[in-house]
Amino acid sequence: MRFHKSIPLLLTDELKAKLLTWSQQFDEVIWMDSNKYPQLHSSYSAILAVDAFTLIKTDFHKAFEKLNEYQGNTKDWLFGYLTYDLKNDVEQLSSENYDGLEFTDLYFFQPKKIFVFTEDSVELHYLNLVADEWQQDLTDIQDLSVEDEALSEEEAIKISLRTSKDAYFRKLDRILKHIERGDIYEANFCQEFYSENVIIDPVKTYQQLNRLSHPPFATFLKLNQHFALSASPERYLKKNGNTVVSQPIKGTARRHADAREDEDQKTRLRADPKERSENIMITDLVRNDLSRFAKKGSVTVEELCVIYTFKQVHQMISTISCKVDDKISAAEIIKNTFPMGSMTGAPKISAMKIIESAEDTKRGLYSGAIGYFTPNGDFDFNVVIRSILYNAAKKYVSFSVGGAITAKSIPENEYEECLLKAKAMRQVLERQNEYLEHD
């Protein structure tokens, strides 16, 4: 069904730029880049998939059932996304908030052409009907001339907040009252930053965002008029053979230019009782999710509250894994863990109901997942955070940020954490270094 070819090829920044430029001739594009970040359970340096042969595009109703059927019928590589609102297929929930982006709830495609990169080689996986094009494609890519063009001041856009600062504090107070009553013990509360009637250059915007953040799960997604430009540091879920791994992030600290202060900041984050409590709560939730399908006694916490450092922030990450039976489908594994606990709170269903009532925006692809399935049913998905989302037809651009609210949360600190997480996206879109003025 697919033609395979392995070729020595050094994956340079210049080649990455050429690949992205070349890919824009197609309506369906996914580029995923690890940015050489050292992390457990990595498989590839980068992957590019383009040009749909077949696809599935559906709302949440029976979405996982449809995905399972589609995957079973194709038995091939599939690339795409799961929006947060697939929660409505998993549980009796709804999504009624404002949606300026209008991403379909689930979208996957079977690419005609796939490039799988290590640092010094590429594997081509071309459907047989286009197998004779691989040499010309590589020539066309190599012959491209690309300039490292920075985004100009003229391309700057004004960002607005869907939720004012005062409204944020009122909503957070309501969430804290839920925690005090025992309805939940943690909730991930998010807010949207957006701009209307604007045109952005998706490729240049992604490149600038990636340059600022350099995360391990960077993604450029183009599906017709919808774009996701993601600088995600977080893995949602990966299956490799009989092993399933989740790596939730909970706990954030600002980077410092001074090396000693930066190291002290890591130490403080590692010891912070609130941040550790947040992380351990979600680790327990993930362990519970995995236990629904794991082989008995196989759920293991490989890392607990380990500090990882990125260009913008330090993050506290835990790694949880389990073993699964061959009979359990990939779609069933994902459905049993979706949405990821790091973006909901705990208990999960109660938290999702509360944050739906508190937030002003439908999450859509934000806090969903982008990734791929292999022909044998393995998969790898990121968490869509630190991401700019864009509907080119509506000229609507958006990014959202949030944080875990617990009984120990200090509202002012939670708000400042949101601004910290928003910083790279805001800098890229507004082309300035000052913080936003808030209502």
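The values are calculated or read from the model by the stated rules, or taken from the named source; none is laboratory data. Because the structure is predicted, anything quoted here is derived from the model rather than measured. Positions of Cβ are generated from backbone atoms using ideal geometry, with glycine treated the same way; all protein chains shown enter the neighbour counts. Ligands, DNA and RNA are excluded from the accessible area calculation, which covers all protein heavy atoms including side chains. Shrake-Rupley method; radii C 1.70, N 1.55, O 1.52, S 1.80 Å.
Tabulated data
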{"read-out": "Gaussian network model of the chain, Cα within-10 Å springs - most flexible of Gly182, Gly402, Gly72", "value": "Gly182"}
{"read-out": "Paramagnetic reach from Arg181 in segment 347-389 [backbone N under 14 Å; point 7 Å along Cα→Cβ]", "value": "350-351, 353-355, 357-358"}
{"read-out": "Within the accessible area of the chain (1.4 Å probe), percent carbon and sulfur", "value": "46"}
{"read-out": "Extension gain (nm, one decimal) between Thr12 and Glu261, 0.36 nm per residue minus Cα-Cα", "value": "86.4 nm"}
{"read-out": "Entry for volume of the Cα convex hull per residue in Å³ (calculated from the structure that is shown) out of (i) 156; (ii) 138; (iii) 235", "value": "(ii)"}
{"read-out": "Trp22 - accessible surface, heavy atoms, 1.4 Å probe, Å² rounded to 10", "value": "20"}
{"read-out": "Label-to-label distance, nm, for residues given as Glu65 and Asp137 (7 Å Cα→Cβ offset)", "value": "3.5"}
{"read-out": "Residues Glu302 and Lys274, FRET efficiency given R0 of 25 Å [Cβ-Cβ distance, rounded to 0.05]", "value": "0.60"}
{"read-out": "Additional length obtainable on full extension of the chain from Thr309 to Ser357, 0.36 nm per residue less Cα span", "value": "13.9 nm"}
{"read-out": "Extension reserve of the Ser43-Ala156 stretch, reckoned as 0.36 nm per residue once the Cα distance is removed", "value": "37.0 nm"}
{"read-out": "The chain - accessible surface per residue (Å², probe 1.4 Å)", "value": "41"}
{"read-out": "Spin-label model distance (nm) - Arg254 vs Ala167, 7 Å beyond Cα toward Cβ", "value": "2.6"}
{"read-out": "Pair Met1, Glu332: separation of 7 Å Cα→Cβ label points (nm)", "value": "2.0"}
{"read-out": "Paramagnetic label zone (point 7 Å from Cα along Cα-to-C-beta, Phe53; backbone N under 14 Å) in segment 77-99", "value": "77-79"}
{"read-out": "Highest to lowest packing among 340-351, 236-247, 126-137, scored as the average C-beta count within 10 Å", "value": "340-351, 236-247, 126-137"}
